[in-house]
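Structure first, commentary second.
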Amino acid sequence: MVLIARYPHTERMAQSVLLTGAAGRVGEAILEGLADEHEWRLLDRDPPTEDHPGEFVVADITEGDTVREAMEGIDVVLHLAGDPRKTAPWESVLTNNIDGTQTVFEAAIDAGVEKVAFASSNHAVGHYETDERTPEMYRTHDDYLLDGTELPRPGNLYGVSKVAGESLGRYYHDEYGLSVVNVRIGNLTEGHPPIDYERGQAMWLSYRDCAHLFDRCIRADYDYEIVYGISDNDRKYYSLERAKDVLGYEPQDNSARHDD
Ligand SMILES: NC(=O)C1=CN([C@@H]2O[C@H](COP(=O)(O)OP(=O)(O)OC[C@H]3O[C@@H](n4cnc5c(N)ncnc54)[C@H](O)[C@@H]3O)[C@@H](O)[C@H]2O)C=CC1
Ligand SMILES: O=C1O[C@H](COP(=O)(O)O)[C@@H](O)[C@H](O)[C@H]1O
(Lines give C-alpha, C1' and ligand atoms only; values in the text may rest on other atoms or scores of the structure.)
(Ligands and ions follow the chains in the order given, each with its own letter.)
Protein backbone atom coordinates (compact mmCIF):
# COMPACT_ATOMS: atom_id res chain seq x y z
CA MET A 1 0.00 0.00 0.00
CA VAL A 2 1.31 3.46 -0.88
CA LEU A 3 0.51 6.21 1.59
CA ILE A 4 0.30 9.63 0.01
CA ALA A 5 0.38 12.68 2.26
CA ARG A 6 -2.27 15.26 1.52
CA TYR A 7 0.32 17.95 0.70
CA PRO A 8 3.29 15.71 -0.05
CA HIS A 9 5.74 18.36 -1.21
CA THR A 10 4.76 20.98 1.31
CA GLU A 11 4.96 19.33 4.72
CA ARG A 12 7.95 20.10 6.89
CA MET A 13 8.60 19.67 10.54
CA ALA A 14 9.12 22.54 12.97
CA GLN A 15 10.68 25.55 11.32
CA SER A 16 12.31 28.67 12.73
CA VAL A 17 9.74 31.41 12.53
CA LEU A 18 10.09 35.11 13.27
CA LEU A 19 6.76 36.62 14.31
CA THR A 20 6.69 40.43 14.19
CA GLY A 21 3.89 42.19 16.05
CA ALA A 22 3.86 39.19 18.39
CA ALA A 23 2.31 41.14 21.28
CA GLY A 24 -0.83 41.99 19.31
CA ARG A 25 -4.15 40.22 18.74
CA VAL A 26 -3.25 38.33 15.58
CA GLY A 27 0.01 37.28 17.24
CA GLU A 28 -1.98 36.05 20.23
CA ALA A 29 -4.26 33.93 18.03
CA ILE A 30 -1.28 32.43 16.20
CA LEU A 31 0.65 31.61 19.36
CA GLU A 32 -2.42 30.20 21.10
CA GLY A 33 -2.72 27.65 18.32
CA LEU A 34 0.88 27.07 17.29
CA ALA A 35 3.16 27.64 20.29
CA ASP A 36 4.44 24.06 20.20
CA GLU A 37 4.48 23.63 16.43
CA HIS A 38 7.52 25.71 15.48
CA GLU A 39 10.66 27.29 16.88
CA TRP A 40 9.64 30.86 17.60
CA ARG A 41 11.44 34.15 17.75
CA LEU A 42 9.03 36.92 18.65
CA LEU A 43 9.50 40.62 17.97
CA ASP A 44 7.47 43.62 19.06
CA ARG A 45 8.20 47.13 20.22
CA ASP A 46 6.05 46.36 23.27
CA PRO A 47 7.54 43.86 25.72
CA PRO A 48 5.63 40.63 26.41
CA THR A 49 2.99 40.66 29.13
CA GLU A 50 2.46 36.90 29.22
CA ASP A 51 4.41 33.66 28.99
CA HIS A 52 5.56 33.06 25.46
CA PRO A 53 7.41 30.42 23.46
CA GLY A 54 10.95 31.08 22.24
CA GLU A 55 12.89 34.29 22.63
CA PHE A 56 11.38 37.77 22.54
CA VAL A 57 13.14 40.69 20.87
CA VAL A 58 11.87 44.10 21.93
CA ALA A 59 12.50 46.29 18.89
CA ASP A 60 10.94 48.62 16.39
CA ILE A 61 10.70 47.17 12.87
CA THR A 62 12.12 50.37 11.41
CA GLU A 63 15.46 49.65 13.15
CA GLY A 64 17.29 47.89 10.31
CA ASP A 65 20.27 46.54 12.26
CA THR A 66 18.14 45.05 15.03
CA VAL A 67 15.68 43.51 12.58
CA ARG A 68 18.57 42.01 10.59
CA GLU A 69 19.95 40.45 13.78
CA ALA A 70 16.53 39.08 14.69
CA MET A 71 16.32 37.45 11.26
CA GLU A 72 19.44 35.29 11.69
CA GLY A 73 18.73 31.56 11.32
CA ILE A 74 15.07 32.18 10.45
CA ASP A 75 13.24 30.14 7.75
CA VAL A 76 9.91 31.94 7.69
CA VAL A 77 8.73 35.41 8.74
CA LEU A 78 5.16 36.15 9.72
CA HIS A 79 5.08 39.92 9.45
CA LEU A 80 2.23 41.37 11.48
CA ALA A 81 3.76 44.45 13.12
CA GLY A 82 2.18 47.71 12.10
CA ASP A 83 -0.53 50.22 12.84
CA PRO A 84 -3.82 48.26 12.43
CA ARG A 85 -6.20 51.24 12.71
CA LYS A 86 -8.36 51.95 9.68
CA THR A 87 -8.29 55.60 10.78
CA ALA A 88 -4.50 55.65 11.19
CA PRO A 89 -2.92 58.89 9.97
CA TRP A 90 -0.52 58.90 7.04
CA GLU A 91 2.55 59.64 9.20
CA SER A 92 1.95 56.48 11.21
CA VAL A 93 1.23 54.10 8.30
CA LEU A 94 4.12 55.56 6.34
CA THR A 95 6.55 54.79 9.17
CA ASN A 96 5.16 51.62 10.72
CA ASN A 97 3.44 49.90 7.81
CA ILE A 98 5.40 50.94 4.73
CA ASP A 99 8.89 51.83 5.92
CA GLY A 100 8.75 49.08 8.56
CA THR A 101 7.64 46.47 6.03
CA GLN A 102 10.39 47.45 3.60
CA THR A 103 12.92 47.05 6.43
CA VAL A 104 11.55 43.58 7.22
CA PHE A 105 11.70 42.43 3.57
CA GLU A 106 15.22 43.82 3.12
CA ALA A 107 16.45 42.06 6.27
CA ALA A 108 14.75 38.83 5.15
CA ILE A 109 16.71 38.90 1.88
CA ASP A 110 19.99 39.63 3.70
CA ALA A 111 19.39 36.71 6.07
CA GLY A 112 18.39 34.22 3.36
CA VAL A 113 14.86 33.73 4.68
CA GLU A 114 12.70 31.40 2.49
CA LYS A 115 9.20 32.79 2.98
CA VAL A 116 7.42 35.87 4.26
CA ALA A 117 3.71 35.93 5.09
CA PHE A 118 2.46 39.51 5.23
CA ALA A 119 -0.60 40.56 7.24
CA SER A 120 -2.52 42.52 4.64
CA SER A 121 -6.10 43.58 5.13
CA ASN A 122 -9.65 43.66 3.82
CA HIS A 123 -9.10 47.43 3.72
CA ALA A 124 -6.77 46.95 0.72
CA VAL A 125 -9.99 46.33 -1.25
CA GLY A 126 -12.44 48.32 0.87
CA HIS A 127 -13.70 50.50 -1.95
CA TYR A 128 -15.25 47.55 -3.78
CA GLU A 129 -17.93 47.95 -1.12
CA THR A 130 -19.77 50.65 -3.03
CA ASP A 131 -23.13 52.16 -2.09
CA GLU A 132 -24.71 50.17 -4.94
CA ARG A 133 -23.36 46.84 -3.67
CA THR A 134 -23.90 47.26 0.05
CA PRO A 135 -25.42 45.97 2.24
CA GLU A 136 -26.55 43.23 -0.21
CA MET A 137 -23.00 41.95 -0.71
CA TYR A 138 -22.80 41.08 2.99
CA ARG A 139 -25.79 38.71 2.62
CA THR A 140 -26.02 35.05 1.62
CA HIS A 141 -28.26 35.55 -1.44
CA ASP A 142 -25.67 37.84 -3.08
CA ASP A 143 -22.94 36.17 -5.14
CA TYR A 144 -20.46 39.06 -5.40
CA LEU A 145 -16.99 37.63 -4.75
CA LEU A 146 -13.47 39.05 -4.67
CA ASP A 147 -10.79 36.42 -5.26
CA GLY A 148 -7.46 38.25 -4.98
CA THR A 149 -6.95 38.70 -8.74
CA GLU A 150 -8.80 42.04 -8.71
CA LEU A 151 -6.89 45.31 -8.61
CA PRO A 152 -6.53 46.81 -5.13
CA ARG A 153 -9.08 49.46 -4.17
CA PRO A 154 -8.05 50.65 -0.70
CA GLY A 155 -10.75 52.22 1.42
CA ASN A 156 -8.47 54.44 3.51
CA LEU A 157 -4.82 55.38 3.98
CA TYR A 158 -4.32 52.33 6.16
CA GLY A 159 -5.54 50.26 3.20
CA VAL A 160 -3.11 52.13 0.94
CA SER A 161 -0.29 51.09 3.27
CA LYS A 162 -1.37 47.43 3.00
CA VAL A 163 -1.39 47.65 -0.80
CA ALA A 164 2.13 49.10 -0.54
CA GLY A 165 3.15 46.12 1.60
CA GLU A 166 1.73 43.69 -0.97
CA SER A 167 3.62 45.56 -3.67
CA LEU A 168 6.86 45.40 -1.70
CA GLY A 169 6.35 41.66 -1.48
CA ARG A 170 5.83 41.47 -5.25
CA TYR A 171 9.13 43.30 -5.76
CA TYR A 172 11.12 41.16 -3.32
CA HIS A 173 9.65 38.01 -4.86
CA ASP A 174 10.38 39.01 -8.45
CA GLU A 175 13.80 40.47 -7.74
CA TYR A 176 15.13 37.91 -5.25
CA GLY A 177 12.89 34.84 -5.51
CA LEU A 178 11.54 35.20 -1.96
CA SER A 179 8.27 33.28 -1.43
CA VAL A 180 5.61 35.76 -0.37
CA VAL A 181 2.00 35.30 0.66
CA ASN A 182 -0.21 38.28 1.44
CA VAL A 183 -3.06 37.35 3.74
CA ARG A 184 -5.89 39.87 3.43
CA ILE A 185 -7.21 39.30 6.92
CA GLY A 186 -10.90 39.98 7.53
CA ASN A 187 -12.18 40.64 11.04
CA LEU A 188 -10.39 38.63 13.72
CA THR A 189 -12.63 38.34 16.76
CA GLU A 190 -12.17 35.88 19.60
CA GLY A 191 -14.87 33.39 20.52
CA HIS A 192 -17.68 34.56 18.25
CA PRO A 193 -18.27 36.73 15.17
CA PRO A 194 -18.81 40.47 15.64
CA ILE A 195 -22.31 41.10 16.97
CA ASP A 196 -24.83 43.25 15.01
CA TYR A 197 -22.25 43.85 12.28
CA GLU A 198 -23.12 42.14 8.97
CA ARG A 199 -19.91 43.16 7.26
CA GLY A 200 -17.81 41.83 10.12
CA GLN A 201 -19.75 38.56 10.17
CA ALA A 202 -19.11 38.08 6.44
CA MET A 203 -15.37 38.49 6.97
CA TRP A 204 -15.04 36.91 10.40
CA LEU A 205 -11.80 35.06 11.09
CA SER A 206 -11.90 32.90 14.20
CA TYR A 207 -8.82 32.50 16.35
CA ARG A 208 -8.37 28.81 15.47
CA ASP A 209 -8.78 29.39 11.74
CA CYS A 210 -6.29 32.25 12.01
CA ALA A 211 -3.69 30.01 13.65
CA HIS A 212 -4.30 27.23 11.11
CA LEU A 213 -4.08 29.63 8.16
CA PHE A 214 -0.72 31.03 9.28
CA ASP A 215 0.49 27.50 9.98
CA ARG A 216 -0.24 26.74 6.33
CA CYS A 217 1.67 29.89 5.34
CA ILE A 218 4.65 28.49 7.25
CA ARG A 219 4.47 24.96 5.82
CA ALA A 220 3.18 25.30 2.24
CA ASP A 221 5.21 26.02 -0.89
CA TYR A 222 4.27 29.07 -2.95
CA ASP A 223 5.71 31.80 -5.14
CA TYR A 224 3.76 35.06 -4.81
CA GLU A 225 0.20 34.86 -3.56
CA ILE A 226 -2.70 36.99 -2.38
CA VAL A 227 -5.25 35.10 -0.31
CA TYR A 228 -8.18 36.10 1.85
CA GLY A 229 -8.05 35.28 5.53
CA ILE A 230 -11.57 34.60 6.75
CA SER A 231 -13.44 31.64 8.22
CA ASP A 232 -15.79 29.55 6.05
CA ASN A 233 -18.70 31.90 6.67
CA ASP A 234 -22.00 31.28 4.83
CA ARG A 235 -22.04 35.01 4.26
CA LYS A 236 -18.84 35.89 2.44
CA TYR A 237 -17.70 38.11 -0.39
CA TYR A 238 -14.08 36.95 -0.31
CA SER A 239 -13.19 33.70 -2.05
CA LEU A 240 -11.28 31.08 -0.06
CA GLU A 241 -10.32 29.07 -3.14
CA ARG A 242 -6.77 30.35 -3.45
CA ALA A 243 -6.03 29.84 0.25
CA LYS A 244 -7.41 26.31 0.00
CA ASP A 245 -5.69 25.40 -3.27
CA VAL A 246 -2.27 26.90 -2.67
CA LEU A 247 -1.91 26.71 1.10
CA GLY A 248 -4.14 23.78 2.00
CA TYR A 249 -6.28 25.99 4.24
CA GLU A 250 -9.17 24.06 5.80
CA PRO A 251 -11.23 26.46 7.90
CA GLN A 252 -13.46 25.01 10.61
CA ASP A 253 -15.54 27.97 11.70
CA ASN A 254 -18.52 29.76 10.17
CA SER A 255 -20.17 32.91 11.48
CA ALA A 256 -23.60 31.51 10.48
CA ARG A 257 -23.30 28.93 13.27
CA HIS A 258 -23.46 31.78 15.77
CA ASP A 259 -26.58 33.45 14.31
CA ASP A 260 -28.99 32.78 17.16
N1 LIG B 1 -7.01 42.16 13.83
C2 LIG B 1 -7.56 42.13 12.62
O3 LIG B 1 -8.76 41.79 12.47
C4 LIG B 1 -6.76 42.48 11.41
C5 LIG B 1 -5.41 42.74 11.47
N6 LIG B 1 -4.70 43.01 10.33
C7 LIG B 1 -3.26 43.27 10.37
O8 LIG B 1 -2.65 42.31 11.20
C9 LIG B 1 -1.55 42.90 11.89
C10 LIG B 1 -1.72 42.69 13.39
O11 LIG B 1 -2.93 43.31 13.77
P12 LIG B 1 -3.46 43.23 15.27
O13 LIG B 1 -2.79 42.12 15.98
O14 LIG B 1 -4.93 43.26 15.22
O15 LIG B 1 -2.95 44.61 15.82
P16 LIG B 1 -2.34 44.91 17.27
O17 LIG B 1 -2.28 46.40 17.37
O18 LIG B 1 -3.08 44.15 18.30
O19 LIG B 1 -0.88 44.33 17.12
C20 LIG B 1 0.11 44.96 16.35
C21 LIG B 1 1.40 44.82 17.09
O22 LIG B 1 2.43 45.40 16.30
C23 LIG B 1 3.28 46.12 17.15
N24 LIG B 1 3.90 47.19 16.36
C25 LIG B 1 3.28 48.21 15.72
N26 LIG B 1 4.18 48.99 15.11
C27 LIG B 1 5.38 48.45 15.37
C28 LIG B 1 6.71 48.81 15.02
N29 LIG B 1 6.97 49.90 14.30
N30 LIG B 1 7.72 48.03 15.44
C31 LIG B 1 7.48 46.93 16.21
N32 LIG B 1 6.25 46.55 16.59
C33 LIG B 1 5.21 47.30 16.16
C34 LIG B 1 2.40 46.67 18.25
O35 LIG B 1 3.16 46.94 19.43
C36 LIG B 1 1.40 45.53 18.43
O37 LIG B 1 1.79 44.64 19.46
C38 LIG B 1 -1.51 44.36 11.50
O39 LIG B 1 -0.57 44.54 10.48
C40 LIG B 1 -2.92 44.61 10.97
O41 LIG B 1 -2.92 45.64 10.01
C42 LIG B 1 -5.30 43.03 9.10
C43 LIG B 1 -6.64 42.82 8.99
C44 LIG B 1 -7.47 42.51 10.11
O1 LIG C 1 -7.53 45.63 8.89
C2 LIG C 1 -8.29 45.59 9.84
O3 LIG C 1 -9.54 45.12 9.64
C4 LIG C 1 -10.33 44.67 10.75
C5 LIG C 1 -11.78 44.61 10.26
O6 LIG C 1 -12.14 45.87 9.78
P7 LIG C 1 -13.44 46.61 10.30
O8 LIG C 1 -13.62 47.73 9.34
O9 LIG C 1 -14.54 45.59 10.25
O10 LIG C 1 -13.18 47.06 11.71
C11 LIG C 1 -10.17 45.60 11.94
O12 LIG C 1 -10.94 45.14 13.04
C13 LIG C 1 -8.69 45.64 12.28
O14 LIG C 1 -8.46 46.48 13.39
C15 LIG C 1 -7.92 46.19 11.11
O16 LIG C 1 -6.54 46.09 11.37
Restricted to the stretch 2-247, the DSSP antiparallel beta bridge percent, nearest 5, is 0 percent
So what does Arg45 come to for accessible area, using a 1.4 Å probe and Å² rounded to 10?
-> 140 Å²
Just Ala59, Ala108, Ala202 to compare: in a GNM of the chain, with alpha carbon springs under 10 Å, which one fluctuates most?
-> Ala59
Provide the per-residue ³J(HN,Hα) series for the stretch 200-208, in order, calculated from phi with Karplus coefficients 6.51, -1.76, 1.60 and θ = phi - 60°, each as a whole number of Hz, with x at glycine and proline positions.
-> x, 5, 5, 10, 5, 10, 6, 4, 6
Excluding ligands, DNA and RNA, the carbon-plus-sulfur percentage of the accessible area of the chain with a 1.4 Å probe reads 46 percent
Once both labels are modelled 7 Å past Cα along the beta-carbon direction, what's the Thr95-Asp142 spacing in nm?
-> 3.7 nm
Any idea how far apart Arg85 and Arg68 come out in nm if each label point goes 7 Å out from Cα toward Cβ?
-> 3.3 nm
Anchor Lys244: lysines whose Cα lies under 23 Å away (excluding residues fewer than 8 positions away in-chain) = Lys115, Lys162, Lys236
The set of residues whose placed amide H lies less than 5 Å from the amide H of Val57, leaving out same-chain residues fewer than 5 positions away, is Leu42, Leu43, Asp44
Prolate/oblate/rounded call for the stretch 27-77, Cα gyration tensor, a/c under 1.5 rounded = oblate
Starting from the amide H of Ser239, placed 1.01 Å from N in the peptide plane, find each other amide H under 5 Å away whose residue is 5 or more places distant or on another chain.
-> Leu146, Asp147
In debye to the nearest 20, how big a dipole does the stretch 2-247 give about its Cα centre with +1 on each Lys and Arg Cβ and -1 on each Asp and Glu Cβ?
-> 520 debye
In the chain, how does Rg compare with the Kirkwood Rh, expressed as the Rg/Rh ratio over alpha carbon atoms?
-> 0.95
Keeping all protein chains in place, calculate the accessible area per residue for the chain (probe 1.4 angstrom), answer in Å².
-> 47 Å²
Set of aspartates and glutamates with alpha-carbon distance to Lys86 below 16 Å, sequence-local pairs under 8 removed | Glu129
Determine the calculated [θ] at 222 nm for the chain from helices alone, applying -39500 (n - 2.57) to every DSSP H run no shorter than 4 residues and normalising by the residue count; nearest 500 deg cm²/dmol.
-> -8000 deg cm²/dmol
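The values are calculated or read from the model by the stated rules, or taken from the named source; none is laboratory data. Just so we're clear, the structure is a prediction, and the values are computed from it rather than from any experiment. Reconstructed Cβ throughout: ideal geometry from the backbone, glycine too, with neighbour counts over all protein chains shown. Quick note on the areas: whole protein, heavy atoms, side chains included, nothing else; ligands and nucleic acids left out. Shrake-Rupley method; radii C 1.70, N 1.55, O 1.52, S 1.80 Å.
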